[in-house]
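Some notes on the structure that comes next.
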Amino acid sequence: MLTLQSLRPAKGARKSMPRLGRGNASGHGTYSSRGGKGQRARSGSRAGLKRLGFKQTLQRIPKTGGFQSHRIKPAVVTLAELGRAFDDGAVVSPEKIYKKGLAEGIRAGVKIVATGTLKKKLTVRECKVTAGAKAAIEAAGGSVA
């Protein structure tokens with residue numbers, strides 16, 4: 001019958017620790033597998049060394065190589081998003097783009113890029129526009145001011 005006090009770990013699951021410091025004939029005499037003298041050879045040494053292996057810890061951390069620009073970049077809005085959010089003949093400005101929820105922040109301005117298609121006549125004001133986006137807006141009958 002299996003009871004709580006009769007439970008035993010599986011055979012080979014627990015490994016006995018080697019008996020250290022029992023004479024040179026044991027193979028672990030004299031220095032007890034601790035090497036030579038020094039801080040790590042003393043008892044209680046492991047807990048006191050705070051920066052042990054600090055170089056290895058630094059080497060394991062992924063580095064973000066390259067240059068990280070701190071310049072605030074303009075919010076990017078596509079032609080497809082403009083077509084979905086605005087009605088035909090609407091005036092598009094950074095404030096209206098922000099109010100429609102197309103851009104999270106407009107502090108550095110808004111840039112309209114030519115991703116997707118536009119079939120509505122829109123008037124774009126105070127926005128940076130790529131050459132392809134400008135051509136697409138004008139092809140749909142709109143204008144860029």
Would it be correct to say that residue 22 is modelled with pLDDT of 90 or more, open to solvent by 90 Å² or more (accessible area, probe 1.4 Å) and assigned to a loop (DSSP other than H, G, I, E, B)? yes
Any pair with Cβ under 6 angstrom, 6 or more apart, that starts in region 102-121 at a residue that is of a type in the set (Ser, Thr, Tyr) and ends at one that is surrounded by 15 or more Cβ atoms within 10 Å (Cβ to Cβ): 115/78
Taking only region 121-138 into account, find how many residues are touching a strand residue (DSSP E or B) at 6+ places or on another chain (Cβ under 9 Å), surrounded by 18 or more Cβ atoms within 10 Å (Cβ to Cβ) and either in a helix (DSSP H, G or I) or of a type in the set (Asp, Glu) (or both). 2
When you scan region 88-103, do you find a residue that is part of a helix (DSSP H, G or I), of a type in the set (A, V, I, L, M, F, W, C) and open to solvent by less than 40 Å² (accessible area, probe 1.4 Å), even just one? yes
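Condition check ((1) out of contact with any Lys or Arg (no Cβ under 8 Å at 6 or more places or on another chain); (2) within 30 Å of residue 138 (Cα to Cα); (3) not hydrophobic (A, V, I, L, M, F, W, C)) across all residues:
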residue	(1), (2), (3)
22	yes, no, yes
27	yes, no, yes
37	yes, no, yes
42	yes, no, yes
91	no, yes, no
94	yes, yes, yes
103	yes, yes, no
How many residues, within region 106-120, are open to solvent by 40 Å² or more (accessible area, probe 1.4 Å) and touching a helix residue (DSSP H, G or I) at 6+ places or on another chain (Cβ under 9 Å)? 8
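The values are calculated or read from the model by the stated rules, or taken from the named source; none is laboratory data. Keep in mind that what you see is a predicted model, and the values were worked out from it rather than measured. With ideal geometry, Cβ positions are generated from the backbone for all residues, glycine too; neighbour counts draw on all protein chains shown. All accessible areas refer to the heavy atoms of the entire protein, side chains included, with ligands and DNA or RNA removed. Shrake-Rupley method; radii C 1.70, N 1.55, O 1.52, S 1.80 Å.
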